[in-house]
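Since the structure comes first, as structure tokens, the remarks are kept for the end.
The values are calculated or read from the model by the stated rules, or taken from the named source; none is laboratory data. What you see is a predicted model; the values in this text were computed from it and never measured. Quick reminder, even Gly has a Cβ in these numbers, built from the backbone with ideal geometry, and neighbours come from all protein chains shown. Just the protein is used for accessible areas: all its heavy atoms, side chains included, with ligands, DNA and RNA removed. Shrake-Rupley method; radii C 1.70, N 1.55, O 1.52, S 1.80 Å.
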Amino acid sequence: MMIRLRIGHLYPDLMNLYGDRGNIVALRRRCEWRGIPVQVESIDPGDPLEPDDWDILFMGGGQDSQQEMVWRDLQDKRGPLLEAAEDGAVMLAVCGGYQLFGHSYRTASGQQIPGVGIFDMETVAAEQRIVGDAVIQSSLLPGRGTIVGFENHAGRTRLSDDAEPLGSVLIGRGNDGRGGMEGCVRGNAFGTYLHGPLLPKNPHLTDLLLALAMDRAGGDPALEVLDDELEWAAHEAARRRARRGARRLMRRR
Ligand code: GLN
């Protein structure tokens, strides 16, 4: 049976920072290169969300003002989103989207925004923004398991003791600014502060999401191997840039 992967892009016009839309491009292209039929649709404010309609759901980052614009609509979609997560739908939420997938986010101006609660975590904006290239390491990925990206957030996210982070920070500040852990994983839902866009430079992570989605959809999770020379060159370039940035920071201290 030919599986068609259905990808839902939550609020593409409002929640899209630093090329987050590139994550959708990476997911779509890696399906197309393998001959896996794929369909991408936007899910905008006011649209109904049927939990069974999606194999992968993605939400990008947004400034506080965008988060203030979408949170009410996201609350309307909270039930179906929790149902979809419970049922193993693959999810990726980046930065502002990641924060709204937790229990709550207190913005820089002090507004307490309720989240979906897929991730057992809370976020509070601090005065100082965290900005820079980042490298994390995740045991969920094959090989060295490094993930490269770019973080720019005021939010400090605290995971509950039971919540599982996506990885540990090699370079950068991570969830709470102290540089220990980054992101959160619950079942097939992944949250991270990393923009970049994230997936084009991290093909192993993209393929993990696709394999999980194929498996859940009843397809073959053993994905055809692609020639990822360019993707890994971009990954290595981002790693080197992050290392240079970290060294510069050390010298300034
Ligand atoms: N508004 C959030 C913060 O500053 C998210 C920003 C982002 O998505 N880059 O923490």
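For this structure, a couple of remarks:
- Answer residue from region 82-110, given it is in contact with a helix residue (DSSP H, G or I) (Cβ under 6 Å, 6 or more places away or on another chain) and free of Cβ contacts under 8 Å to residues at least 40 places away in the same chain and is least open to solvent (accessible area, probe 1.4 Å) among those: Ala84
- Pick from region 167-187, criterion buried (at least 22 other Cβ atoms within 10 Å of the Cβ) and closer than 26 Å to Ala222 by Cα, ranking: farthest from the ligand (Cβ to nearest atom): Gly167
- Per-region count, region 45-61, residues more than 22 Å from Gly187 (Cα to Cα) and either under 18 Å from the mean Cα position of the chain (by Cα) or part of a strand (DSSP E or B) (or both): 0
- On inspection, Glu164 fails the criterion of being open to solvent by less than 40 Å² (accessible area, probe 1.4 Å) and either within 28 Å of Tyr105 (Cβ to Cβ) or more than 14 Å from the chain's Cα centre (by Cα) (or both).
- Annotation for region 210-224: no member residue is part of a strand (DSSP E or B) and in contact (Cβ under 8 Å) with a residue 40 or more places away in the chain.
- All positions within region 30-57 that are free of Cβ contacts under 8 Å to residues at least 40 places away in the same chain and either within 16 Å of the ligand (Cβ to nearest atom) or surrounded by 16 or more Cβ atoms within 10 Å (Cβ to Cβ) (or both): Val38, Val40, Ile43, Pro51
- Matching entry among Asp64, Asp20, Asp76 (being surrounded by fewer than 22 Cβ atoms within 10 Å (Cβ to Cβ), within 16 Å of the ligand (Cβ to nearest atom) and more than 18 Å from Asn188 (Cα to Cα)): Asp64
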